[in-house]
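Below you'll find the structure, written out as structure tokens, and then a few comments.
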Amino acid sequence: MALPEFTKTMVESRLTAYCKKAVPPQFQDEMKMGFSFRGNSVTVFEERLFPFHTREWTKLTIAQFQMDATTAERTLYWADRNNKRLHYPDLPLTKDFDKVLHMIDSDTHECFWG
């Protein structure tokens, strides 16, 4: 089930601002942050140029947010080294997207930025 249009617009706005400020200007030609929607989830990813000065980009999943369609509560997942999605342990159920987004940067387990 897809996110409601109002929710999708709000999430898109918050993540656009988050991704824009996540990469310092001096690194923006080598690294980008982005996100994509699929059904009721949104995935935040990092893109970097492959080593050795190729012009190919590699994509690494940082986090995935999922919204329950009936309760509107959000769940946060992180990706392990095999890109397997794992539930983030310290987030209580919440409807507040900003709280969930904040968990990426305040992560004490080093799940998102290692």
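The values are calculated or read from the model by the stated rules, or taken from the named source; none is laboratory data. Here the structure is a predicted model, which means the values were calculated and not measured. Cβ: placed from backbone, ideal geometry, glycine included. Neighbour counts: every protein chain shown.
Quick check, is residue 110 among the acidic types (Asp, Glu) and assigned to a loop (DSSP other than H, G, I, E, B)? So residue 110 passes the test. Residues in the range 20-41 that are modelled with pLDDT of 95 or more and hydrophobic (A, V, I, L, M, F, W, C): 33, 35, 37. For the range 6-20, indicate whether the set of residues that are within 15 Å of residue 95 (Cα to Cα) and aliphatic (A, V, I, L, M) is non-empty. Checked against the condition, which is being within 15 Å of residue 95 (Cα to Cα) and aliphatic (A, V, I, L, M), the range 6-20 yields at least one hit.
Figure legend. Inter-residue proximity from the range 51-62: first residues within 22 Å of residue 84 (Cβ to Cβ), second residues part of a loop (DSSP other than H, G, I, E, B) and modelled with pLDDT of 85 or more, beta-carbon distance below 6 Å, spacing 6+ or different chains. Indicated pairs: 61/83; 62/112. Determine if the range 15-22 includes at least one residue that is touching a helix residue (DSSP H, G or I) at 6+ places or on another chain (Cβ under 7 Å), part of a helix (DSSP H, G or I) and of a type outside the set (D, E, K, R). Yes, that holds for at least one residue.
Please indicate, with yes or no, whether at least one residue in the range 88-100 is touching a residue at least 60 places away in the same chain (Cβ under 8 Å), surrounded by 11 or more Cβ atoms within 10 Å (Cβ to Cβ) and assigned to a strand (DSSP E or B). No: zero hits.
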